[in-house]
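Here the structure is laid out as structure tokens; the discussion comes afterwards.
What follows draws every value from the coordinates through simple rules; no lab data is involved. Nothing here was measured: the structure is a model prediction, and the numbers come from that model. Cβ atoms come from the backbone with ideal geometry, glycine included; neighbour counts cover every protein chain shown.
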Amino acid sequence: MNPSHNILPAAKASEPILENTGPGSTSKFQFVTFTLCLILANERLYAKGVSETVTPYVASNFLYDSNFFRVSDSTDLSTATGQAGKSEFLKQIATGLRLDWKINRQQLLAEANLNQNWFQNFSSLDYLGWSASSQWNWHFGSHLDGEIGFNKKVFLGDYNQLNRFVANLQENQQFFANAGYLFHARGLLKLGITRKERQYDDVIRQISNSIEDNAELDIQYISPDNSTIGVHGVLTEGRFPNRTYQADSTLDDGYKRFNTGVVWDWHYSAITHIDGMVGYLYQRYNHLSERNFGDAIANLAIHWQTTDKTLIDLLAKREIRQANNLNASFSLLQGVELKTQVEISPKLKLSVPMNYLNQQFLGDIAGENSGQTAERNNLYGLGLRLIYHPIDNISINAMLNFEKRDSNYASRAYQDHAAGLSVQAVF
């Protein structure tokens, strides 16, 4: 359970103010402003085409977690925390504001959230979190549209991989811009760029601060029933700004990654659609070639609206991710997820998610060079969510969750139970 932002998702549902980051910032803002003016002029703006919705809200959230740091039964936290137990009771109050502003076909979205978090047992983790986001959904003519946006969030990250007591407050921010061009009645070309930045508050964790720049290309065929099939490619350049590579370094300071594949979204029938992708991912490090990795990736999702009130989602996936440790260069994740959602009444909804995931830490430096056995884990999850609207502007969310990880490394195995309650009011 990630205690970030809202403990439970709103029923609508891983720091300093941003400054200019370089001499090109002013010119970028001038370009965006000029483009916005050009598009709005093209819209022939009249007052009758303007609408706006401002939605303030407040929320109170509570979470009990039996094993907050996801540690094994044999782990003793008392030395690091001064507490004998592993459980935590977290309280949060939050307030925020959502804005939806439409000018004919243009749409501006914005949201800001401020949340204070108190920990009953591990009070040194108390923090003030916040998030802010904005997005412009733009249209130009009848064949060109896209999105330009920014989001930033300060939150406490989860401990699923850390498995120890450590300060994990982090600041994530993302800039993105994309455009889609309908070059034919059945053909769509999409281009996009994204920058992702992650910074940790604690000095010990700042070696993992990272920046990723992504360039994305999609070419899609659109069928008469709006099903799509196409090719997708992403080129990523990543770097760790707080690492300096030297001859005896065991961790690199940057990498390049290429991800390509075939993607589809098939509208099989009025109640069923199937989407997914099959492709290949390869990552090459700047200096440590023994950490390079690549493998096939795939996912398949089936969405089945069995009745007007019941939706079943089934997902099977095969993913690979970089492993930021000394014994493996990447991890292979293969698993299935099943989620059933039922509308019991107009005021009450039920959701039951369950999942299984097999995780293997692989790469040339796992086992062969280190003399250690590669880590292999099996993860199981089962949850229950209830969303209740006693009146239109009040939502009450309740959840129960069970997690278990079996591992060939005893220190990595854990079991956890969690329960949460969230109340939100919108105005």
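If you take every residue apart from residue 303 with its C-beta less than 11 Å away from the C-beta of residue 303, what net charge results, scoring Lys and Arg +1 and Asp and Glu -1? Walk me through the numbers before you get to the answer.
Values: positive: 339; negative: 265, 275, 313.
Local net charge: -2.
Between residue 93 and residue 352, what is the label-point separation in nm under the 7 Å Cα-to-beta-carbon projection?
3.8
Given a Förster radius of 56 Å and the C-beta distance between residue 309 and residue 248 as r, what FRET efficiency does 1/(1 + (r/R0)^6) yield to the nearest 0.05? Show your work: numbers first, answer last.
On the way: r = 62 Å, r/R0 = 1.10.
Calculated value: 0.35.
Under the rule a/c < 1.5 gives rounded, and otherwise a/b versus b/c splits prolate from oblate, where does segment 297-399 land using the Cα gyration tensor? All intermediate terms of the calculation are to be shown ahead of the outcome.
Working: a/c = 4.08, a/b = 2.62, b/c = 1.56.
It comes out prolate by the Cα gyration axes.
Summarise the long-distance tail of P(r) for the chain by giving the % of C-alpha pairs beyond 38 Å. Before the final figure, lay out each step's value.
Working: 25921 of 90951 pairs.
Summing the P(r) tail past 38 Å for the chain gives 28 percent.
Less than 20 Å from a label point 7 Å out along the Cα-to-Cβ axis of residue 274: which backbone N atoms in segment 291-305 qualify, by residue?
From segment 291-305, the list is 297-305.
If we restrict to alpha carbons, what Rg and Dmax does segment 116-219 come to, in Å?
Gyration radius and largest Cα-Cα distance of segment 116-219: 19.1, 60 Å.
Determine the sum of side-chain charges near residue 235: Lys and Arg each +1, Asp and Glu each -1, restricted to other residues whose C-beta is under 12 angstrom from that of residue 235.
Working: positive: 256, 257, 284; negative: 212, 213, 216, 237.
My count for the surroundings of residue 235 gives -1.
What does a probe at residue 167 reach in segment 174-208, counting residues whose amide N is under 13 Å from the point 7 Å along Cα→Cβ?
Residues 200-207 qualify, since their backbone N sits under 13 Å from the label point.
So, R0 is 30 Å and r is the distance between the beta-carbons of residue 66 and residue 316; what FRET efficiency does that work out to, to 0.05?
On the way: r = 30 Å, r/R0 = 0.99.
In this case the efficiency is close to 0.50.
Provide 138, 101 in ascending order of the number of other Cβ atoms located within 10 Å of each residue's Cβ, fewest first. Walk me through the numbers before you get to the answer.
Numbers: 138 21, 101 15.
Listed from fewest to most nearby Cβ atoms, that is 101, 138.
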